[in-house]
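The values are calculated or read from the model by the stated rules, or taken from the named source; none is laboratory data. Since the structure is predicted, the reported quantities are computational estimates derived from the model, not experimental observations. Cβ atoms come from the backbone with ideal geometry, glycine included; neighbour counts cover every protein chain shown. Heads up: the accessible areas ignore ligands, DNA and RNA and are worked out on the full protein's heavy atoms, side chains in. Shrake-Rupley method; radii C 1.70, N 1.55, O 1.52, S 1.80 Å.
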Amino acid sequence: MNSYTLKIVQFLIENNGLINKDELIKDSRINKNKFYYYLNDINNYLSRNNLPRIIDDGKSLRYKNNELNKLSDYLKSDYYILNAKERQDMIILIIALSREKITINKLESLLDTSKNTITNDIYKIKENLKIKYEKNAGLYFVDDELKIRKVIFDSLHSNNNLRITINKEEFIEEEFYKIYSITNPLKRIKEILQKNINKRFIFFSIDSLAKTILVHCLRSTKAEIDLKNLNEDISEFKDIYQEMEKIFSYNNNEIKYLYLILQSAKIEYSNVFSNKNEVKQLLDYLTDGFERIYYTDIKNQEIYRMFKIHIESMYYRCRYLIKVSTFESETIDFEKNYFLNQLIKNAEKKFALYFDNDEKKLLAYYFEAMRLNDNKEDEKKKIIVLCASGLSGSAYVKYQLNKIFDNKFRIEISDFRDLKSKIDGDTVLIVSTIFIKKPDFIKKEIDWINVSVVLKDYDIKKMVDWIIDNPVDNDSKKINDIINIINNNSTIENKNALYMQLNKYLSDIDIKKNNLHLLDLIDEKYINYFSDEYNLEEAIEITGKPLVDDNIINSRYIEDVKETIKCFGLYCECFKGIIIPHAKPHHNVKRPVISISIFKNSISNEYGKSINAIFLLGVVDKNSHIESFSELIEFLSKNNRYLNIKDYTNPRMLFDEIKDYFNK
């Protein structure tokens, strides 16, 4: 068994024995020949073990629902080929946690692979952690213990693969038994955590949290962590400590670290907020940064309240390098969001934090969800997202649904207890991350769809099929008509992609109706070339002065621009040597406008950047300038114009070139 055969089995189990074959092939990123080879391999194994075979009916793969537990047994088969990342994760866990002396020969035997492969894996691991070898001790880590534990947790929680999850759980439970002679420790830890959830907070991802705690216990028997300088009151979880000590023993430092782990997984309810100044300051800093960059108020949004109750656990994870689960998302691309990355870098420096990729994805998810939110929620039909806790998993499903449906619905989150009270006359759909049948108390006209905690391609297909059958506005009706016409005349290979493209096309048309173009925002008299030397504040002031003099913006807007840069750095450096600063509008800009200054001498600044030009952007809202901003980026990118910005010594040259470019 390998990761491909495992994926086929795992998808069938997760989807109650029925999955679209074409979507599975696409998601597995393999060609059809390999897919059929792997499917045949699985069926041969099942036949040899007297298990029902997977049925291929042409469009779908099916497995008898009442036989799924037998299919699960396939995941527990001994034969599985680890890929490089899976193997390296296991090596890290074995070196960090095993009671035995670990050598390359031992790893070779445990992982059933060659000495050369293990040696290459060790070199790869050394890129992140220092490893030493001693004859009597074997291989061991010699880095900062907080950093070592972060890498251990990364290895523990990486890979959403059921077979690897089983491998890791079996390994840590076996190691625990060698020390304490206690069976099923993960089950016992989960019971303690469930028992101690109260009206003030919950723990998210208790399964993952239990594994984190167990690994912490194992690691503490090999290496001590120094938390003498932690001065927080750790008594909040004293009941948990007392019950945990019945299973294993901790010294004072390790109890402190357990406190940090629990804080990293704790979600406060919305009527409670941290009394820690650092957490409050981090929340204010990120909120202010978001509002300045995206020119919108977010404090009254439901998703902001979700963000607020997650912020304390995020602080602890980023401050003490703790990972208690993995945030799975293939749809969020934080790397291309320059403003967000700059905000995160500044927050890391200001608060002594470290945001790994999962934390960046989580922040990007919140910021994107808040950016997409508008103020017309009450006019929309309602979708309810249902999950066990009503807090964690469903929040991301909500974000995904807003992306799929282009913010056409009012989407609310609920747990099962509050579901009845959430349903009203506007409710049209309930999307449940709990795999249960539609309850009898829900009216017939309200649809019910079961989905994964993170929407997969097959879940998205369910959503697309539903919206096509239930159009809510003119755009949806147009898409429905177009898809039906195409379907009647040819075969649609990927309805999801077609729906998304049509939806984007119709949305783009609507956006462009309300957006101004670059030529609407620039004027030759607002383009200037300066030969003198200036610092950054002076350069911003002289760029904004013509607009202030003509009463298009007021001086307060210029001060806000300077303050935004002072708080968040050069978040607005969209090209090397060019910044496009802006500020949140407060009725201090009469119309969207751009003022341009080009400098013979690079602007002196505290950020060590060589700034040659400022394109000051005056905005009145978060939408009307989008088209013109995109056109400006396009113009500066074409033929790398931004590299030669100093050559425009005559303002007329630049104005004419922009005009000619967009009038051609």
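Residue order by solvent-accessible surface for Ser220, Ser313 is Ser220, Ser313, largest first, with ligands and nucleic acids left out and a 1.4 Å probe.
What is the sum of charges, Lys and Arg at +1 and Asp and Glu at -1, for the other residues whose Cβ falls under 15 Å from the Cβ of Ile104? Numbers along the way, then the final one.
Values: positive: Arg87, Lys101, Lys106, Lys115, Lys124, Lys126, Lys132, Lys135; negative: Glu100, Glu108, Asp112, Asp121, Glu134.
After counting each charged neighbour, the total is +3.
Using C-alpha pairs below 8 Å separated by at least 6 residues, the relative contact order for the chain is 9 percent. Residue by residue, what Karplus-based ³J(HN,Hα) values in Hz, rounded to whole numbers, does segment 182-190 have, using 6.51, -1.76 and 1.60 with θ = phi - 60° and x for Gly and Pro? Listing the rounded values in order: 10, 8, 6, x, 4, 4, 5, 5, 4 Hz.
From the gyration tensor of the Cα coordinates in the chain, what semi-axes in whole Å does the equivalent ellipsoid have, largest first, with each one equal to sqrt(5λ)?
Numbers: eigenvalues 435, 232, 138 Å².
Working through the eigenvalues yields semi-axes of 47, 34, 26 Å.
The string of couplings for segment 532-548 from the Karplus curve (6.51, -1.76, 1.60, θ = phi - 60°) is 6, 9, 9, 8, 5, 4, 5, 5, 5, 5, 6, 6, x, 4, x, 6, 5 Hz, one whole number per residue in order, with x for Gly and Pro.
Largest first, how would Trp448, Trp466 line up by accessible area (1.4 Å probe)? Each step should come with its number before you reach the end.
Values: Trp448 45, Trp466 20 Å².
The residues order as Trp448, Trp466, largest area first.
Label zone of Phe530 (point 7 Å out along Cα→Cβ, amide N under 15 Å): in segment 566-605 this covers 578-581, 595-605.
For the chain, what % of the accessible area comes from carbon and sulfur atoms, probe 1.4 Å? Provide the component values of the computation, followed by the final result.
On the way: 14390 of 31960 Å².
With neighbouring chains kept in place, the figure for the chain is 45 percent.
Around the Cα centre of segment 514-556, unit charges on the Cβ atoms of Lys, Arg, Asp and Glu (plus for the first two, minus for the last two) sum to a dipole of about 180 debye.
Using 0.36 nm times the number of residues separating Lys545 and Asn252, minus their current alpha carbon distance, what extension gain do you get? Please report the intermediate quantities before stating the final value.
Values: separation 293, 0.36 × 293 = 105.48 nm, distance 6.12 nm.
Extending this stretch completely gives an extra 99.4 nm.
Measuring with a 1.4 angstrom probe and ignoring ligands and nucleic acids, Leu386 comes out at about 0 Å² accessible. Across segment 572-639, Cα pairs under 8 Å and at least six residues apart give a relative contact order of 36 percent.
For Ile411, the amide hydrogen comes within under 5 Å of the amide hydrogens of Ile383, counting only partners 5 or more places away or on other chains and with H modelled in the peptide plane. Given their separation in residues at 0.36 nm each and the Cα-Cα distance between them, Ile182 and Asn640 gain 158.3 nm when the chain is fully extended. Between Lys576 and Val142, what's the calculated FRET efficiency when r is the beta-carbon distance and R0 is 45 Å? Round to 0.05. After rounding, the FRET efficiency stands at 0.70. When Rg and Dmax are taken over the Cα atoms of segment 197-257, they come to 12.3, 36 Å.
Just the projected area, averaged over all directions, of the convex hull on the alpha carbon atoms of segment 65-172: how many nm²? Please report the intermediate quantities before stating the final value.
Numbers: hull surface 29.7 nm².
Taking a quarter of the hull surface, the average projection is 7.4 nm².
Sort 231-237, 425-431, 591-597 by the packing proxy (mean of other Cβ within 10 Å over each peptide's residues), most packed first. Don't skip to the answer; put the middle values down first.
Values: 231-237: 12.3, 425-431: 17.9, 591-597: 22.6.
Taking the mean over residues of other Cβ atoms within 10 Å, the ranking is 591-597, 425-431, 231-237.
Protein-only accessible surface at a 1.4 angstrom probe places the residues Asp112, Asp239, Asp143 in the order Asp112, Asp239, Asp143, largest first.
Measuring only protein heavy atoms, the 1.4 Å probe finds Thr183 accessible over about 90 Å². So what's segment 120-191 giving for Rg/Rh, alpha carbon basis, Kirkwood Rh from the mean inverse pair distance? Here Rg/Rh amounts to 1.02.
Could you do me a favour and compute the accessible area per residue for the chain, 1.4 Å probe, result in Å²? Walk me through the numbers before you get to the answer.
Details: 31960 Å² over 664 residues.
Heavy-atom accessible area per residue stands at 48 Å².
The long axis of helix 302-320 is offset from the longest Cα principal axis of the chain by roughly 70 degrees. Taking amide H as placed 1.01 Å from N in the peptide plane, the amide H of Asp447 sits under 5 Å from that of Leu429, Ile430, each at least 5 places away or on another chain. At the residue level, His586 shows approximately 100 square angstrom of accessible surface with a 1.4 angstrom probe and all protein chains present. Label-to-label distance, Asn43 versus Lys70, with points set 7 angstrom from Cα along the beta-carbon direction: 1.6 nm.
Taking the Cα centre of the chain as origin and charging only Cβ (+1 Lys, Arg; -1 Asp, Glu), how large is the dipole, in debye to the nearest 20? Write out the running numbers ahead of the final one.
Details: 102 positive and 101 negative charges, 322 e Å.
Approximately 1540 debye in magnitude.
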